1. Can you tell me which residue in region B:35-53 is farthest from DNA strand C (Cβ to nearest atom), limited to those that are of a type in the set (Lys, Arg) and within 16 Å of B:ASP18 (Cα to Cα)?
2. Using the structure shown, decide if B:GLY35 is modelled with pLDDT of 95 or more, on the phi > 0 side of the Ramachandran plot and exposed (fewer than 14 other Cβ atoms within 10 Å of the Cβ).
3. Can you tell me which residue among A:ASP146, A:ASP127 is at pLDDT 50 or above, in contact with a helix residue (DSSP H, G or I) (Cβ under 9 Å, 6 or more places away or on another chain) and more than 11 Å from every other protein chain (Cβ to nearest Cβ)?
4. Does B:ALA84 satisfy the condition of being in contact (Cβ under 8 Å) with a residue 12 or more places away in the chain and either of a type in the set (Phe, Trp, Tyr) or open to solvent by 10 Å² or more (accessible area, probe 1.4 Å) (or both)?
5. Are any residues in region B:33-59 more than 13 Å from DNA strand D (Cβ to nearest atom) and either farther than 24 Å from A:THR125 by Cα or away from chain A (no Cβ under 14 Å) (or both), and if so, which ones?
6. In the set B:ARG20, B:ARG47, which member is farther than 14 Å from B:ALA72 by Cβ and at pLDDT 95 or above?
7. Output the number of residues of region B:219-236 satisfying the condition of being touching a helix residue (DSSP H, G or I) at 6+ places or on another chain (Cβ under 6 Å) and of a type outside the set (A, V, I, L, M, F, W, C).
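The values are calculated or read from the model by the stated rules, or taken from the named source; none is laboratory data. Since this is a predicted model, take the numbers as computed values, not measurements. Glycine gets a Cβ as well: all are built from the backbone with ideal geometry, and neighbour counts include every protein chain shown. Surface areas here come from the heavy atoms of the whole protein model, side chains and all, with no ligands, DNA or RNA. Shrake-Rupley method; radii C 1.70, N 1.55, O 1.52, S 1.80 Å.
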Number of protein chains: 2
Amino acid sequence: MEDSSGTTAGKGRYHHGDLRNALIDAAVGLARAGGPDAVVLRAAARRVGVSPTAAYRHFAGQPELLFAVKEAGQQRLAERMEAAVRAVPDTHPRAVEERMLAMGRGYIGFALDEPGLFRSAFCHTADDVTRLPAALSGEAPPVPGDGPAAEGLPGADADEGQFRSFRMLVEILDGLVDAGRMSPARRPGAEVTAWSMVHGLSTLVLDGPFAPLTEEQRDAAVDIALRTLVAGFTAP
Amino acid sequence: MEDSSGTTAGKGRYHHGDLRNALIDAAVGLARAGGPDAVVLRAAARRVGVSPTAAYRHFAGQPELLFAVKEAGQQRLAERMEAAVRAVPDTHPRAVEERMLAMGRGYIGFALDEPGLFRSAFCHTADDVTRLPAALSGEAPPVPGDGPAAEGLPGADADEGQFRSFRMLVEILDGLVDAGRMSPARRPGAEVTAWSMVHGLSTLVLDGPFAPLTEEQRDAAVDIALRTLVAGFTAP
DNA sequence: GTTGGATGTTCACAGCGTTAACATCCAACA
DNA sequence: TGTTGGATGTTAACGCTGTGAACATCCAAC
């Protein structure tokens, strides 16, 4: 009955079966506990119960392992944002603004709930090919499901988390224009503006000068910032 | 003529004379080149031409050295912002708005010109006692020169760079209200809002999803974001 | 069944942060 | 003026890290 095969995820034998994902899981655990600096290749291997050099059969080196953690973090952030946006009922008056606020709060909520993973998701890495290029020049970003077909796989291709959240933001901003709340003249570049506000808020409250704020002060500051952002978008 | 004393900054002998500052300078150099991860105690000691353990006479350990680099980075950022704000002539109509924009552009300009130092200035460190507490509860932050006397020393106490820039931001926001451009109702919490936007913009353009933008796209995005911020502040 | 490529192991090396024990030198006191 | 003690710097050593080289194991396909 023992599964001595390596093709299935049996944990017993010489060949692990799914070492790459096991290492990523372990590394994500490390990141959750200690941020990007805690993503230590040897520690991940130790957790999985495998020799350090085994990791090199699946990753070029530690930076690539960290990159996988980044992708996982962005994925989870996107999921959190999606859930927050979905929680806003369509029936809500000013549903678009509310969705915008919910998205921002989801973003910051993730940063506060998963600081290590959040820091890892946005930590600097040398050759961090995180494109997301034209998008602002008018072209649509290469989001999966954008072209014909290609949909359904739940795990997704990974790294698409960044695109998922970006696409979400684009839709909400378009919604603001469609609802007549935002002048079309203000629409171009609004993605950067919105993302900057929410991301800056998250990082400054997490690690920056606003970390000492009490929970109440923090929540109030978040509310004010997001409403000021919407006020800027909806200004004439 | 040789200065074999250690009290002056003679570089010749057994006792360095100003090793602490020399190590900080070296560490800042490392940070400029490679960000916070490049702030390696042994490398700094090597640059100064001293044994690694000598550093422990002046720092509790590597984290404390990194902290000194953070302070230096915040100091330089504040100087850059001050210069940018000063460059706006008082005679300018809407001088307050212009100063606001200049400050933001100075901030982002520093991030782009000194990415390693900027990342170091805002990198996460465990016991990073960077208070800046009540400030939002109405109390004034403990800025030097706030109380009676205490002014003139150019080098400052260090770490006050954070307070310097914060104080600058407060003054400009107050100016917006005084000029009647910003509703007093929007004033509370505006520091967090403004700083978040500018900081988020900087980090996302530096390391985040907007890093691939061309210089033109980047400048345009910065302009849009800052103007949206001002629009939010000056909205009714 | 044999075998080759994928996968995992042991060994080794250099660089890092850090501690312990020892060396040097200036400053202050006699 | 001579001695000495504390501040400052040095060498040696430990365990940790990332990583390469050589070797071992095992599944899959011939």
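1. At the first step, the residues of region B:35-53 found to be of a type in the set (Lys, Arg) are B:42, B:46-47.
From what is left, the residues that are within 16 Å of B:ASP18 (Cα to Cα) are B:46-47.
On the way: B:ARG46: 7, B:ARG47: 11 Å.
Step by step, filter region B:35-53, then rank; the result is B:ARG47.
2. Working: modelled with pLDDT of 95 or more: yes; on the phi > 0 side of the Ramachandran plot: yes; exposed (fewer than 14 other Cβ atoms within 10 Å of the Cβ): no.
Criteria not met by B:GLY35.
3. Working: A:ASP146 fails: at pLDDT 50 or above.
Sole residue among the options that is at pLDDT 50 or above, in contact with a helix residue (DSSP H, G or I) (Cβ under 9 Å, 6 or more places away or on another chain) and more than 11 Å from every other protein chain (Cβ to nearest Cβ): A:ASP127.
4. Details: in contact (Cβ under 8 Å) with a residue 12 or more places away in the chain: yes; either of a type in the set (Phe, Trp, Tyr) or open to solvent by 10 Å² or more (accessible area, probe 1.4 Å) (or both): yes.
Yes; evaluated as a whole, the condition is true for this residue.
5. At the first step, the residues of region B:33-59 found to be more than 13 Å from DNA strand D (Cβ to nearest atom) are B:33-36, B:38-39, B:43.
Passing the criteria: only B:ALA43.
6. On the way: B:ARG20 fails: farther than 14 Å from B:ALA72 by Cβ.
None of the others qualify; the one that does is B:ARG47.
7. Residues in region B:219-236 being touching a helix residue (DSSP H, G or I) at 6+ places or on another chain (Cβ under 6 Å) and of a type outside the set (A, V, I, L, M, F, W, C): 2 in total.
Yes/no matrix, rows are residues, columns are (1) open to solvent by less than 30 Å² (accessible area, probe 1.4 Å); (2) among the aromatic types (Phe, Trp, Tyr); (3) in contact with a Gly (Cβ under 8 Å, 6 or more places away or on another chain):
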{"position": "A:ALA78", "(1), (2), (3)": "yes, no, yes"}
{"position": "A:VAL88", "(1), (2), (3)": "yes, no, no"}
{"position": "A:THR91", "(1), (2), (3)": "no, no, no"}
{"position": "A:ALA121", "(1), (2), (3)": "yes, no, yes"}
